[in-house]
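Have a look at the structure below, then the notes.
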Amino acid sequence: MNQSQRIAVITGATSGIGLATAQAFAAQGINLILCGRRANRLQSIKQELSQQVQVQTLCFDVRDRAEVTKAFESLPEAWQNIDILINNAGNAHGLSPIQDGDLDDWDAMLDINVRGLLYVSKSIIPTMVNRQSGHIVNIGSIAGRAAYPNGNVYCASKSAVASLTEGMRQDLNPYGIKVTAIDPGMVETEFSLVRFKGDEARADAVYKGLTPLSAADVADAILYAVTRPAHVVVADMLLLPTAQASATIVKRQ
Ligand code: NDP
Ligand code: 8X3
């Protein structure tokens with residue numbers, strides 16, 4: 001497959017897994033549409049990766065339906081034929097028992113991780129259907145496979161992503177569109193800093209005493225999935241650090 005003919009949209013490309021995926025794709029010649037809310041980061045990443053591939057940036061909040069639609073409609077015609085969609089934007093807000101949950105945190109997780117993924121998908125899937133080709137990669141989580149204590153709403157949001165991945169694969173089967181779930185365990189990114197609202201000590205403690213996955217490790221798995229031959233789809237992949245056996249069983253030094 002000639003990667004240089006392909007165009008990939010990556011949501012949440014300003015940090016962590018999304019940024020590492022953009023770098024991995026650029027190294028293979030895949031042209032990029034990078035999305036996120038932090039415009040300055042999008043610009044500096046564009047500057048870096050434009051040395052390898054063609055890059056467009058779209059600055060929007062996935063929660064805002066109108067903004068999402070407008071952003072994709074604003075793409076030049078040559079960029080409308082999107083081959084790969086990486087639905088990666090997402091995060092956790094808080095970690096507390098259900099009885100203590102914060103309603104704003106719940107709204108944020110459901111709006112970003114579930115509704116946002118749907119809004120972006122709705123902007124792109126019809127063009128894939130028209131062309132009878134495409135590949136959607138949804139970034140789920142080990143959290144979507146079983147709930148863990150205090151994870152409640154975040155786990156539910158990722159469980160919804162798992163269900164949507166299956167639903168998309170079924171509905172898009174007649175059109176030859178591939179749908180993949182990549183479900184990581186612990187990956188050291190800005191994830192825990194966001195979850196704990198900027199508390200660095202609490203975020204660092206999550207990865208203390210073990211070697212977590214890096215964003216590049218997950219990007220490598222995503223790259224593997226999108227470079228399989230036309231007749232092969234990676235349906236789903238659970239990717240864990242060696243020290244992690246489940247969401248709650250982690251070997252620390
Ligand atoms: P980061 O916090 O490093 O990256 C999150 C990305 O999502 C950022 O680029 C951020 O960009 C974007 N984003 C967040 N909110 C919005 C929004 N409202 N609108 C648009 N973009 C948004 O975390 P990760 O790289 O770890 O997370 C990426 C995905 O991986 C998430 O879906 C997460 O749930 C999942 N995941 C992470 C794991 C981990 O342990 N780190 C494990 C399993 C899954 P910006 O702020 O510029 O908008
Ligand atoms: C992120 C991994 O275990 O914090 O999805 O839920 S975990």
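The values are calculated or read from the model by the stated rules, or taken from the named source; none is laboratory data. The model shown is predicted, which means the values in this text are computed figures rather than measured ones. Note: ideal-geometry Cβ built from the backbone for every residue, glycine included; neighbour counts use all protein chains shown. Only protein heavy atoms, including side chains, enter the accessible area calculation; ligands, DNA and RNA are left aside. Shrake-Rupley method; radii C 1.70, N 1.55, O 1.52, S 1.80 Å.
Computed in the context of the full set of protein chains, the accessible area of the chain at 1.4 Å probe radius has 49% of its extent on carbon or sulfur. What angle, in degrees between 0 and 90 and rounded to the nearest 10, separates the Cα long axis of helix 16-27 from the longest principal axis of the Cα atoms of the chain? Helix 16-27 sits at roughly 30 degrees to that axis.
Taken about its Cα centre, the stretch 1-95 carries a charge dipole of roughly 200 debye when the Cβ of each Lys and Arg holds +1 and the Cβ of each Asp and Glu holds -1. Between ARG252 and GLU166, the contour length at 0.36 nm per residue exceeds the Cα-Cα span by 27.6 nm. When the Cα positions of ALA215, GLY151, PRO241 are compared along the charge dipole of the stretch 114-253, GLY151 comes out farthest toward the positive end, with charges on each C-beta of Lys, Arg, Asp and Glu.
Full extension of the chain between HIS231 and SER133 yields a length gain of 34.1 nm, computed as 0.36 nm times the residue separation minus the alpha carbon distance.
Comparing Cα centroids, the stretch 213-253 and the stretch 119-196 end up 14 angstrom apart. Rounded to the nearest 10 degrees, what's the angle between the helix 215-226 long axis and the longest principal axis of the chain, both from Cα atoms, 0 to 90? Rounded to the nearest ten degrees, it is 40.
Could you tell me whether the stretch 9-128 comes out rounded, prolate or oblate from its Cα gyration tensor? Rule is a ≥ b ≥ c as square roots of the eigenvalues, rounded for a/c under 1.5, then prolate if a/b exceeds b/c, otherwise oblate.
On the way: a/c = 2.33, a/b = 1.62, b/c = 1.44.
Prolate shape, in that a/c is at least 1.5 and a/b is the bigger ratio.
Rounded to the nearest 5, what % of the DSSP beta bridges within the stretch 127-253 are antiparallel ones? Mind showing how you got there, number by number?
Details: 1 of 13 bridges.
Restricted to the stretch 127-253, the bridges split so that about 10 percent are antiparallel.
Of the listed pairs LYS158/LYS208; LYS158/LYS251; LYS122/LYS158; LYS70/LYS178, which have alpha-carbon separations greater than 20 Å here? From LYS158/LYS208; LYS158/LYS251; LYS122/LYS158; LYS70/LYS178, over 20 Å: LYS158/LYS208; LYS158/LYS251; LYS70/LYS178.
Under the shape rule built on the C-alpha gyration tensor, where the axes satisfy a ≥ b ≥ c, the stretch 65-181 is oblate, since a/c reaches at least 1.5 while a/b does not exceed b/c.
Given a Förster radius of 22 Å and the C-beta distance between GLN28 and LYS122 as r, what FRET efficiency does 1/(1 + (r/R0)^6) yield to the nearest 0.05?
Working: r = 28 Å, r/R0 = 1.25.
Using R0 = 22 Å, I get an efficiency of 0.20.
Net length available on complete extension from ALA216 to LYS197 is 4.4 nm, with 0.36 nm assigned per residue and the Cα-Cα distance removed.
Which order do the peptides 114-122, 6-14, 36-44 take when ranked by the mean count of other beta-carbon atoms within 10 Å per residue, highest first? Mind showing how you got there, number by number?
On the way: 114-122: 20.0, 6-14: 25.6, 36-44: 15.0.
So the order, starting with the most tightly packed, is 6-14, 114-122, 36-44.
The magnitude of the dipole of the stretch 132-227, with charges of +1 and -1 set on the Cβ of Lys/Arg and Asp/Glu and taken from the Cα centre, is near 240 debye. The residues of the chain present an accessible area of 48 Å² per residue when probed at 1.4 Å with all protein chains retained.
About its Cα centre, the chain has a charge dipole of approximately 400 debye under the convention of +1 per Lys or Arg Cβ and -1 per Asp or Glu Cβ, with nothing else charged. Put a dot 7 Å past the Cα of ALA205, heading toward its Cβ, do the same for GLU77, and the two dots end up 5.8 nm apart. Between the Cα long axis of helix 39-49 and the first principal axis of the chain there is an angle of about 60°, rounded to the nearest 10. Other residues lying with their Cβ under 12 Å from the Cβ of ILE30 contribute a combined charge of 0, Lys and Arg counting +1, Asp and Glu -1.
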